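Input: a single structure, listed below in structure tokens.
The values are calculated or read from the model by the stated rules, or taken from the named source; none is laboratory data. Worth saying up front: this structure is predicted, and the values here are computed from it rather than measured. Backbone-built Cβ (ideal geometry, glycine too); neighbour counts: all protein chains shown. Keep in mind that these areas ignore ligands, DNA and RNA; they rest on the heavy atoms of the full protein, side chains included. Shrake-Rupley method; radii C 1.70, N 1.55, O 1.52, S 1.80 Å.
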Amino acid sequence: MGQRHQLFVIARVKGRYRTLCAVHHQWLYGHTALRRCLGTLKIFQDPTNRLPIQQELIAASNHDDNFWAPPCDKEYDVPFPFIATCLVLGASYSPDGYHHQVSLESFCMAYNDGDNNNGITIFDITNLSHVQYCFVDFNGMESDREVPLMTPLSARTYLEAYSILSDPGNSRDLVPLVEAFDEWGLIATATLENTWPGEGWEADDEVDVEDELDDEIQRLDEELAKPEVELARLHTNPVDTPMTLRDSAMDKLLQSLMKQPDDDSDSIAEAELLTDFLPKLRAKFYDQATQLKPSSSLLRLLGRALENETEVDLSPFTTLSAKDLSLVVSKLQSHGKMAILNLSNRPDIGETELNVILGPDLNLRALCLLEMPQIPSRSLGAYSGHCEVYHSDILRLPLVTDPYEEHKPTLAPALSTNNTITQIQWLGMSYMDSTDKAYRLDDGRIAWDTLKLAAKGRNPFGPSKGELEYRSCDLDIPFPAGKMVQGFLRLLQWGASANMGPSSSDDWWKGVACSLAASPPRDSTGTGHGVGLLSPSLWIQQGRYNRSQKEKGPTGLKIGQWALILFSEAFNARSQEFLDEVFEKRHPVLKPSAAASEPNEPSKQADCDLDEPSSSDIHPLTRSLDPKAQMDINTSLFREISKLHSPGDKTEQRHSRPTVQPPSFRPRKGIKYALVTPVAGSETDFSIADVPACLEQLMGDKAQDLVDLWNGGFASLETAEFYGNDDNFVKFLQKLNSGKTRA
């Protein structure tokens, strides 16, 4: 069952292409496959993700041939967890409201070993500045039209197997989608042959002409993209040029400065007048990273070379001791712009050495410690509360734990004890209640005093009328304040568009995990597709481990800790009049028969007829109908709202044209949020704040940049709003904590 599809990540490792990760998607084909491919390409090529990806490519180059030979050792099912996280997020999630569960396959799975009927997608991340892709049909897809087998297919060729792009119903959305792939290169047939030799790969004539490149340029690109030289490429000019006399003189000056036992401040000050001095000094340090002989003057010179860098990579400097590195880090913390520090792939750095290097006053946005198993993840709590920590064991945990195991997977408690945001509480209002006037005030707001929480386990089909679905989960990943902005913005954007209902609430938590797996923003623009940690509890357990009925509401919070309250509205009504107008414009009204109004008289379908509304007294939102008529109206409304699913949702109908919705009177889903923290001296009172106010309480004057970033991003979210100014909502939260809202 399903439209089954697999996605693979490959890269050139020591001269041979290898598979690094593979996932299975149960419902992926046509334009949805293109959207997920495009989203994944953007993730892999985002500069924020380059450093951790490159560190895992370096780790891959350290493995021998036995490591890559199938069957893969179970211990190494996720040997490259950051790359796997990137693929999982790209394949399963989009901030525009899309989410569909995926499952990891063995990383060395063959291209044709999966359960498949709609082809595969392949990503080549050898060169992170030019990530490539292709689709492949290896055995005939369940599509309207055939495509060449065993051939790298472009986005256009793959989509044309399912859709006619010249169709007026498709041209508006699908043609721009195809054109978005123009900037991405297509994987060559030779690459597929090198990855899976002897399988009969075929070259497509159209692809060969379109993607023909000069052989020498191709060779240089591949050489520069090898992991063993990538570090040098990242820190030097991308293209080598013949050395001029000026370059030769500069090289002699750099060598002289790096070998001097004492500082030559006059020479350095004079050299810094040259605009290319510091870039060339930095490149020279990385070129000789494994040959340096440490001295106090050399360490100060290294600190000067890296002073203007926001991303600092100290992993290549293997001749420098922990004390040497600590001096460099200390200088960069006090006088530099360092925001991201990389110490990955350093087996000589243990827990003790790390504490020496970082010191007590670390102030970073991210700390990269990939392929460092000698440093236990539980020892990183002192740093994880202040910055994003990339550690292989932490990244791997949600990906390797069996979701059907009875125990609840958790990270070491020390990792999240420094969190200020510690809980997420979700309240969900059904489609039917969202459109019922009984639960609305005159201005369209929710009448909170008419609602209560659904009893846990009371109704397997979801909450009853007038009941809110309720879920809660603790944040078990480090969640520094800087991550709040990017994570919450993505969560509100996704949550306002995601399809909700009693049957989808468990899967909704996976979408929350994906939203929060956003890395802190690199700069004030806040743009990009940075990847952070997936929460094991949210990703694996899907909210099934809720608090008991005695532990409802944002309980257990200590002074200074915050809970995020989310209220998801299936139908976002601006007012009572809006409800009436939408319904009248979009739905005919069922007129109940006179018999239907008789007490205990069963309704007969033949006694009801469809007609346009003639008076408000028969409006379904103002008059109580018999159960059968009400069910027919509710079903009609549900079908209309379900048409608003985001593009590519798994409920889309095969081979059907997109439904064009009139722009007016389109009901919009909505999501509201509030951050709450307990008031000292009270068991039920909460202080409620929006994100800017919370950041200012947590960070003081240092919060302004993040506040500006939040305000800019939040202003663009039309279907999300802060809900802390509603006194009735505040009272509801207080009742929620006291247990008076439990049905």
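So in segment 481-499, with the set limited to residues that are open to solvent by 20 Å² or more (accessible area, probe 1.4 Å) and under 30 Å from SER464 (Cβ atoms), which one is modelled with the lowest pLDDT? Checking each candidate, the answer is ASN499. The requirement of being aromatic (Phe, Trp, Tyr), open to solvent by less than 40 Å² (accessible area, probe 1.4 Å) and either out of contact with any helix residue (DSSP H, G or I) (no Cβ under 9 Å at 6 or more places or on another chain) or at pLDDT below 85 (or both) is not satisfied by PHE665.
Annotation note: Cβ proximity below 9 Å between a residue of segment 258-284 that is of a type in the set (A, V, I, L, M, F, W, C) and a residue that is modelled with pLDDT under 80 and assigned to a loop (DSSP other than H, G, I, E, B) (sequence gap 6+ or interchain) occurs for LEU278/GLU272; ALA283/THR236; ALA283/ASN237. Within segment 284-296, the set of residues being under 15 Å from SER256 (Cα atoms) and buried (at least 18 other Cβ atoms within 10 Å of the Cβ) comprises LYS284, PHE285, LEU292. So which residues in segment 334-355 are open to solvent by 10 Å² or more (accessible area, probe 1.4 Å) and of a type outside the set (Gly, Ala, Ser), if there are any at all? Correct list: HIS335, LYS337, MET338, ILE340, ASN345, PRO347, ASP348, GLU351, THR352, GLU353, ASN355.
Pairs meeting the criteria (first residue in segment 91-108 and within 16 Å of CYS37 (Cβ to Cβ), second residue acidic (Asp, Glu), beta carbons under 8 Å, at least 6 apart or on different chains) are TYR98/ASP649. When ASP433 is tested against (1) in a loop (DSSP other than H, G, I, E, B); (2) surrounded by 23 or more Cβ atoms within 10 Å (Cβ to Cβ); (3) at pLDDT below 85, exactly one condition is not met: (1). Does PRO316 satisfy the criteria of being closer than 25 Å to HIS130 by Cβ, touching a Ser or Thr at 6+ places or on another chain (Cβ under 8 Å) and either open to solvent by 80 Å² or more (accessible area, probe 1.4 Å) or at pLDDT 90 or above (or both)? Spelling it out, PRO316 is indeed closer than 25 Å to HIS130 by Cβ, touching a Ser or Thr at 6+ places or on another chain (Cβ under 8 Å) and either open to solvent by 80 Å² or more (accessible area, probe 1.4 Å) or at pLDDT 90 or above (or both).
Given the condition closer than 16 Å to SER256 by Cα and without any contact (Cβ under 8 Å) to a residue 40 or more places away in the chain, answer yes or no: does some residue in segment 303-313 qualify? Yes: segment 303-313 contains one or more residues that are closer than 16 Å to SER256 by Cα and without any contact (Cβ under 8 Å) to a residue 40 or more places away in the chain.
Pairs are defined by a Cβ separation below 8 Å, a sequence spacing of at least 6 or placement on different chains, a first member in segment 176-201 that is under 14 Å from HIS130 (Cβ atoms) and open to solvent by 30 Å² or more (accessible area, probe 1.4 Å), and a second member that is at pLDDT below 95 and of a type in the set (D, E, K, R); the pairs so defined are ALA188/ASP211. Do we find a residue being open to solvent by 30 Å² or more (accessible area, probe 1.4 Å), assigned to a helix (DSSP H, G or I) and among the hydroxyl-bearing types (Ser, Thr, Tyr) anywhere in segment 54-76? The answer is yes, given that some residue of segment 54-76 is open to solvent by 30 Å² or more (accessible area, probe 1.4 Å), assigned to a helix (DSSP H, G or I) and among the hydroxyl-bearing types (Ser, Thr, Tyr). The listed residues are SER379, SER384, and the only one of them that is among the hydroxyl-bearing types (Ser, Thr, Tyr) and surrounded by 19 or more Cβ atoms within 10 Å (Cβ to Cβ) turns out to be SER384. Just checking, does segment 35-55 include any residue being touching a Cys at 6+ places or on another chain (Cβ under 6 Å), over 25 Å from SER315 (Cα atoms), touching a residue at least 24 places away in the same chain (Cβ under 8 Å) and of a type outside the set (Gly, Ala, Ser)? For segment 35-55, residues touching a Cys at 6+ places or on another chain (Cβ under 6 Å), over 25 Å from SER315 (Cα atoms), touching a residue at least 24 places away in the same chain (Cβ under 8 Å) and of a type outside the set (Gly, Ala, Ser): absent.
For LEU534, state whether it is more than 17 Å from ALA720 (Cβ to Cβ), in a helix (DSSP H, G or I), open to solvent by less than 10 Å² (accessible area, probe 1.4 Å) and modelled with pLDDT of 60 or more. No, not satisfied.
Considering only residues that are hydroxyl-bearing (Ser, Thr, Tyr) and at pLDDT 75 or above, which ones fall in segment 703-743? Working first, answer last.
Taking segment 703-743 and keeping what is hydroxyl-bearing (Ser, Thr, Tyr), we get 716, 719, 723, 738, 741.
Across segment 703-743, the qualifying residues are SER716, THR719, TYR723.
Can you say whether LEU149 is in contact (Cβ under 8 Å) with a residue 40 or more places away in the chain, open to solvent by 20 Å² or more (accessible area, probe 1.4 Å) and farther than 22 Å from ARG12 by Cβ, as far as the supplied structure shows? First the steps, then the outcome.
Details: in contact (Cβ under 8 Å) with a residue 40 or more places away in the chain: yes; open to solvent by 20 Å² or more (accessible area, probe 1.4 Å): yes; farther than 22 Å from ARG12 by Cβ: yes.
When the stated conditions are applied, LEU149 passes them.
Within segment 706-734, if we keep just the residues that are surrounded by fewer than 16 Cβ atoms within 10 Å (Cβ to Cβ) and under 25 Å from the mean Cα position of the chain (by Cα), the residue that is farthest from GLY487 (Cα to Cα) turns out to be GLU718.
State the number of residues belonging to segment 366-376 that are under 23 Å from ARG50 (Cα atoms) and open to solvent by 60 Å² or more (accessible area, probe 1.4 Å). Write out each step before concluding.
Initially, segment 366-376 is screened for residues under 23 Å from ARG50 (Cα atoms), giving 366-373, 375.
From the residues that got through so far, the ones that are open to solvent by 60 Å² or more (accessible area, probe 1.4 Å) too are 373.
Here the count works out to 1.
Name the pairs whose Cβ atoms lie under 7 Å apart, with the first residue in segment 289-300 and assigned to a helix (DSSP H, G or I), the second open to solvent by 60 Å² or more (accessible area, probe 1.4 Å) and modelled with pLDDT of 90 or more, and 6 or more positions between them or separate chains? The qualifying pairs are LEU299/LEU327. For beta carbons closer than 8 Å, sequence separation of 6+ or different chains, a first residue in segment 689-701 that is farther than 15 Å from GLN561 by Cβ and a second that is part of a helix (DSSP H, G or I) and open to solvent by 60 Å² or more (accessible area, probe 1.4 Å), the qualifying pairs are PRO692/ASN711.
Listed residues GLN101, GLN132; which is modelled with pLDDT under 95, among the polar types (S, T, N, Q) and open to solvent by 20 Å² or more (accessible area, probe 1.4 Å)?
On the way: GLN132 fails: modelled with pLDDT under 95.
Only one candidate qualifies: GLN101.
Report, by residue number, each residue of segment 515-531 that is polar (S, T, N, Q) and at pLDDT below 60. First the steps, then the outcome.
Taking segment 515-531 first, the residues polar (S, T, N, Q) are 515, 519, 524-525, 527.
Of everything in segment 515-531, those that are polar (S, T, N, Q) and at pLDDT below 60 turn out to be SER524, THR525, THR527.
Given segment 95-167, what strands (runs of 3 or more DSSP E) lie entirely inside it while holding 2 or more residues that are over 30 Å from PHE714 (Cβ atoms) and in contact with a Ser or Thr (Cβ under 8 Å, 6 or more places away or on another chain)? Spell out the reasoning first.
On the way: elements: 102-104, 120-124, 132-136.
Where strands (runs of 3 or more DSSP E) fall fully within segment 95-167 and carry at least 2 residues being over 30 Å from PHE714 (Cβ atoms) and in contact with a Ser or Thr (Cβ under 8 Å, 6 or more places away or on another chain), they are 120-124, 132-136.
With respect to THR40, determine if the residue is within 21 Å of SER519 (Cα to Cα) and crowded, with 20+ Cβ neighbours inside 10 Å.
Working: within 21 Å of SER519 (Cα to Cα): yes; crowded, with 20+ Cβ neighbours inside 10 Å: yes.
The answer is yes for THR40.
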